[in-house]
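Single-structure report; data block below.
The values are calculated or read from the model by the stated rules, or taken from the named source; none is laboratory data. On a predicted model such as this, the values are computed, not experimentally measured, just so you know. Counting neighbours? That spans all protein chains shown, and the Cβs are built from the backbone with ideal geometry, glycine included.
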Amino acid sequence: MEIVSILSQVETVSILAKACAMKILMFGRGVISTIYGQALAAAGHDVEFYVRAGRADQYGTHVETDIIDSRRSFRNQRVRKTFATTFRDSLEPSDAFDLVILSVGHHRLTEAATFLAPRIGNATVLVFGNIWDEPLTAITPLPADQVVFGFPQAGGGFSEDGELRGALFHSVIVGRASEASHPRELIVRAAFQQAGIAVREEADMRGWLFIHFAADAGMFAQGVHGGGLASMIGNRQALRQALLTGRELLPVLEARGVRLRRHRRALVPMRLPAPVAAVMALATTLAPIARVSLAAHTDPFATEPRAILGDALFEARRLGISVPRLEAAWRAVP
């Protein structure tokens, strides 16, 4: 046991030593990758973006960003910057990245994991977004002991002229698919903390991710009826309907083994839809940081909303659980 403990300590020290200035790869140059890539680069990390061949010329050498940043003061600060970006369209184990941040739509996760698995070497991989399949299955064939699961607290969208307008909240959520902790979480924690972003740990990340997916399904279902999430800004009734639709999926989560009692805080919006919707309506009206994430979603039939709605519905049907609100939304999808 002493040898195992010593080896664990050595591995932890090695990880923390790397954390001072890490070589970080953002997979893709989407909204989440760009917002966090900019924050991590500003903290002194060496940040690159993996993009498909030919995309680097399309993106150019920099991106203009207009971010409402909750790290900087209680009142939040609007920060406009020119972020110089470094792209690569190839990846090999010898590139020796310390951390790979993988933020893609849940329906593309296995494809991305398959691409990355033979190319990442010993890098820690942060899977950073929605998951609906069993997490360890979804990231196959990535080595499970190199993967940490997390969820961003940021959002926004690119304008027609290519400017990124978004919001960056003060924390992210991180955990593992199983309850066993792992030293690789330390490298993720250190990277974000160096960028002034707090890390909130979830002991049951699998359950939390499924609950969040159900909540997103409710929001996107209501977006189908109203013309996207942007139409729900300040709309108390629409937000309440979204929470009620998400609540329909709680029996699906229970059937999949999620222990809902462990997630009382995450379930408050769906348990108390009327008062929470009132607060959300007020926040999205008065607080720019709450409004900007919804404002970018104007297409209710975009690929990711469709995939979330379809996969949530198909799982409910597979389990024989009635979800009439979700069914009605799906019928309206062309």
Picking from 136, 142, which residue would you name as being aliphatic (A, V, I, L, M), out of contact with any Phe, Trp or Tyr (no Cβ under 9 Å at 6 or more places or on another chain) and not in a loop (DSSP other than H, G, I, E, B)? 136
Quick check on my filter: what residues within the range 209-227 are out of contact with any helix residue (DSSP H, G or I) (no Cβ under 6 Å at 6 or more places or on another chain) and at pLDDT 95 or above? 209, 212, 213
Given 267, 253, 313, 239, which one is surrounded by 22 or more Cβ atoms within 10 Å (Cβ to Cβ), touching a helix residue (DSSP H, G or I) at 6+ places or on another chain (Cβ under 9 Å) and closer than 22 Å to residue 130 by Cα? 239
Taking residue 42 as the residue in question, decide whether it is surrounded by fewer than 20 Cβ atoms within 10 Å (Cβ to Cβ), modelled with pLDDT under 95 and out of contact with any Leu (no Cβ under 6 Å at 6 or more places or on another chain). no
